[in-house]
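Engineer: I am attaching a structure below and will ask some questions about it afterwards.
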Amino acid sequence: MAAGFIASLTYLLIGFYQKDHNELGYWQYVLAGAMLGLSLLMISDIRYPSFKKVGLKTRGNLSAIVIAIVILFMIVRFHHVMPVILFSLFLLYGFVRPWVSQKLRKEIEVEVDDEPQAISETTVEANKEVEP
């Protein structure tokens, strides 16, 4: 996540200054400050949701699919700006997350507890069928 933010910010800055062939100017300090801020976030106690369990078998509702398609379209259309915006929103969510209600947090974040239970139940059923 941190590498994606820095890479997208660098891509944005290169896109801005590609036509002028100028130095980055004060933006180089913004980039260094972003790296320092991200390094402090890495050692902090601020928690972020993990998307490791998201895959093709993850269930989603229609609104989540529509939002994902719109975001994908906007990333393609505004390829210099949108990655920075998405990574920035994710970084800000970590700061706001403690004040978000549990109900809204469960709707936003992926349910990690449901999938391992489903796998273990399937494994138990498969073992019952194999036993003589």
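Engineer: Kindly count the pairs of lysines across the stretch 2-111 whose alpha carbons are less than 22 Å apart, treating pairs on different chains or eight or more residues apart as eligible.
Structural biologist: 5
Engineer: Another question, if that's okay. Under the rule of at least 5 residues apart or a separate chain, name every residue whose amide H is placed under 5 Å from the amide H of VAL100.
Structural biologist: none
Engineer: Same structure again: Restricting to Cα pairs below 8 Å that are 6+ residues apart, what does the relative contact order work out to for the stretch 2-111? Please round to a whole percent.
Structural biologist: 42 percent
Engineer: While we're here: Suppose we take every Cα in the stretch 2-111 and form the convex hull; what volume per residue is that in Å³?
Structural biologist: Measuring per residue, one finds 121 Å³ for the Cα hull of the stretch 2-111.
Every read-out reported here was derived from the displayed coordinates using simple, explicitly stated rules and does not represent laboratory data. Worth saying up front: this structure is predicted, and the values here are computed from it rather than measured.
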